[in-house]
Every structure is written in C-alpha cells, then in structure tokens.
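Student: Dropping the structure in here first, questions after.
The values are calculated or read from the model by the stated rules, or taken from the named source; none is laboratory data. Since we're looking at a predicted model, the values are computed, not measured. For neighbour counting, all protein chains shown are included, and Cβ atoms are generated from backbone atoms with ideal geometry for every residue, glycine included.
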Amino acid sequence: MEVKVIQKNQISTLLALINEVFDDYPIPVNWTEREFEMDMIENRISLEDSFFLFKDSIPVGFIVIAKNNDRARIDSMGVKNDFRGTGCAELLLQHTLENLKWKKIESVMLEVIESDKRAVRFYEKQGFSHERKLFSLLLDLNDFSPEVYRYKNSNTHIIHELSLQANNIFHRHLNWQRMPSALGNSGDRYYKEVIYDKSDKGHPIGYLVWGENTDNAYIIDTYTVNPDYDLKQIIQDVKRFLRTKTNKTKCLITNVPENDDLFENLVGCNAEILFKQIEMELNLR
C-alpha cells in the first residue's frame, strides 16, 4: 500500500472513487468537477493535505481535508468495499493526522451519520470524541400568505458581514459550512438575500442564503441580525418567500447543530427531522 498526495489533475479520478465508495451511502453523493471546485473554495479544501491510498498503482481509498487556521476537517474519507476492515482506512487516516500535526494543526473534526455504527466505532477507536449532533430537516412550503418582510438580492461580501454580525450578537454555535468565511467564499454558488422590514428600508433585519434543485429548495443559512426580530418569524417568512420564488413545496436544510438557535427555531416552525449526524473531534495537541 502507498499513500500519495492528491494532485489537481487527478480530481476526476478522485470523484469517480468517491461516487463509487459512497454508492450505498444514506445521503446521495454525486459530486461533479464543478461542484468539487466550488467546495474547494467555499470549505477551504486543501489538496496538498488530501491523499489517495494506492494498491498496485490503483487508488482504493481517499481522504479529503479542509483547513481553517489551526483547525482541519475531514471533508470526505473512504475505501473501496473490498478493502474495508483490512486496516487500510486506519493507515490512510494515521498518515493524514501525522501530516496535519507536522503542519501545526491543533484539532481535526468530521461528521458521520449517527446510524452508521461501523464508521462511528472506527473514529472512536482512532481517538475522536463526540461533540454534538447535527440535524438535517425538511420544511413544508405550503404557505401561500404574502411575505411580511422585503428581500433584496445581495452579494457574498454583504452576507459575510451580516453573518459575522449575527454571530457576534447571538453567539451562534456554527458548524464548518455556516462559518462566515464559508459563506463569504461561496461566490455565485447560491442566491443571497438581505431581509428588511418593509417599514424600514435602510436597516437589514436578517439574511438568507439559499438555492434550489429539481426536487426542492434548500437553505444554506438564515438568521436575524436584529434582536428586536424573532428568528422563528423570519423563518416562517423565508418559507413564504421560497414558495413564491421557486414554486417548490419542500425545503431542505442540512447539518444544523443542536446547540445553535437555528435548530430550535426550525423545529418550532414544524420542520421534519430527516436524519442525524454526529460531529466528532480529535485534539492533536
């Protein structure tokens, strides 16, 4: 077995392997090269710290790492079915952790589906501890009432500033993908709205980052930036806005931390819990 750094010209090989390894995964995975390149920017994926595992010059495993200052995240990791339970995954992970220690990374985090007991046990054995649960939820958009607030299309710079503002005011417990830096790096990948009270056009009361696919709308993040405006009311109005904009009946929002107020308010808006993930972390110092 040989571990090698993933090169940029090997992204198509990486994606083919990822899609093969996760073919039976509970969450559909079907990365395209464009989506992966956007993820690289948005989530700070570092190819120089990501690796293939080769057997006889054929890639049989991979690990994709994102970095942010002294913290890292395992964005994706897996080995082919025939190599599971053989020590290959441990070899790949330990090589990666040693590299991150050398790079002065202090902690490594990841998310794993709670029901995937095999994967949970594997990471526990490697020293990762449970930090919190992340919930993926589905909102019903069957509300045809007119919007109460006003929405204005915006850009990543303004959304980045508003998300920082929300974090400073409300001390949110954000996961990796909702950090202000991730929203600020998302480019034109999503739609971005600044939310205003119709009676006060000059001062934002919140923001919304969203998109849509064939089946449903989805929310990346939404929050209030004014303590006078209730987050639950903003979410209810965001539902009306998305129904009007997309004509979809369902809206998905993934990986919401249990200790972030966004989760409690989504549940208060009758969001259905689809599945749970466990956020795990390993201290390297």
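Student: Inspect the stretch 86-96 for any residue being of a type in the set (S, T, Y) and touching a Lys or Arg at 6+ places or on another chain (Cβ under 9 Å) and give the result as yes or no. Before the answer, list the steps.
Tutor: Kept after step one, since they are of a type in the set (S, T, Y), are these residues of the stretch 86-96: 86, 96.
Filter once more, so that each one left must be touching a Lys or Arg at 6+ places or on another chain (Cβ under 9 Å): none.
So far as the stretch 86-96 goes, no, none of its residues is of a type in the set (S, T, Y) and touching a Lys or Arg at 6+ places or on another chain (Cβ under 9 Å).
Each row is one residue, and each column tells you yes or no for (1) over 23 Å from G184 (Cα atoms); (2) more than 16 Å from the chain's Cα centre (by Cα); (3) aliphatic (A, V, I, L, M).
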site	(1), (2), (3)
A16	yes, yes, yes
E37	no, no, no
I45	no, no, yes
F54	yes, yes, no
S57	yes, yes, no
D70	no, yes, no
E98	yes, yes, no
K103	yes, yes, no
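Student: Just one of the numbered conditions (1) exposed (fewer than 15 other Cβ atoms within 10 Å of the Cβ); (2) in a helix (DSSP H, G or I); (3) in contact with a helix residue (DSSP H, G or I) (Cβ under 8 Å, 6 or more places away or on another chain) is not true of P227; which one?
Tutor: Going through (1) exposed (fewer than 15 other Cβ atoms within 10 Å of the Cβ); (2) in a helix (DSSP H, G or I); (3) in contact with a helix residue (DSSP H, G or I) (Cβ under 8 Å, 6 or more places away or on another chain) one by one, P227 breaks only (2).
Student: Can you pull out every residue in the stretch 256-283 that is out of contact with any His (no Cβ under 9 Å at 6 or more places or on another chain), touching a residue at least 24 places away in the same chain (Cβ under 8 Å), closer than 22 Å to V112 by Cα and surrounded by fewer than 18 Cβ atoms within 10 Å (Cβ to Cβ)?
Tutor: Answer for the stretch 256-283, where residues must be out of contact with any His (no Cβ under 9 Å at 6 or more places or on another chain), touching a residue at least 24 places away in the same chain (Cβ under 8 Å), closer than 22 Å to V112 by Cα and surrounded by fewer than 18 Cβ atoms within 10 Å (Cβ to Cβ): V267, E272, I273, L274, F275, K276, N283.
Student: Do you know which residues across the stretch 151-201 are farther than 17 Å from V225 by Cα and in a loop (DSSP other than H, G, I, E, B)?
Tutor: N175, N185, S186, G187, D188, R189, Y190 - these are the residues of the stretch 151-201 that are farther than 17 Å from V225 by Cα and in a loop (DSSP other than H, G, I, E, B).
Student: For the condition basic (K, R) and not in a helix (DSSP H, G or I), what is the one hit in K276, K245, K239?
Tutor: Details: K245 fails: not in a helix (DSSP H, G or I); K239 fails: not in a helix (DSSP H, G or I).
Going through K276, K245, K239 in turn, the sole match is K276.
Student: Oh, and also: If you go through the stretch 114-150, how many residues are part of a strand (DSSP E or B) and within 22 Å of the chain's Cα centre (by Cα)?
Tutor: The total comes to 12.
Student: Further question on the same structure: Could you look through the stretch 151-173, keep only residues that are crowded, with 17+ Cβ neighbours inside 10 Å and among the hydrophobic types (A, V, I, L, M, F, W, C), and pick out the one that is nearest to the chain's Cα centre (by Cα)?
Tutor: Residue satisfying both the conditions and the ranking: I159.
Student: Just to check your reading of the model, which residue among S12, S76 is surrounded by 20 or more Cβ atoms within 10 Å (Cβ to Cβ), polar (S, T, N, Q) and at pLDDT below 95?
Tutor: Values: S12 fails: surrounded by 20 or more Cβ atoms within 10 Å (Cβ to Cβ).
One residue alone meets the criteria, S76.
Student: Of all residues being in contact (Cβ under 8 Å) with a residue 40 or more places away in the chain, of a type in the set (A, V, I, L, M, F, W, C) and assigned to a helix (DSSP H, G or I) in the stretch 93-113, which is surrounded by the fewest Cβ atoms within 10 Å (Cβ to Cβ)? Just the residue, please. Steps first, please.
Tutor: If we filter the stretch 93-113 for residues that are in contact (Cβ under 8 Å) with a residue 40 or more places away in the chain, which is where we start, we get 95-97, 99-101, 103, 105-113.
Okay, now just the ones that are also of a type in the set (A, V, I, L, M, F, W, C), so 97, 100, 105, 108-110, 112-113.
Cutting the leftovers down to assigned to a helix (DSSP H, G or I) gives us 97, 100.
Working: L97: 20, L100: 22.
Among those that are in contact (Cβ under 8 Å) with a residue 40 or more places away in the chain, of a type in the set (A, V, I, L, M, F, W, C) and assigned to a helix (DSSP H, G or I), it is L97.
Student: Would you point out which residue out of R189, R172 is at negative phi, in contact (Cβ under 8 Å) with a residue 60 or more places away in the chain, out of contact with any Asp or Glu (no Cβ under 6 Å at 6 or more places or on another chain) and charged (D, E, K, R)?
Tutor: Only one candidate qualifies: R189.
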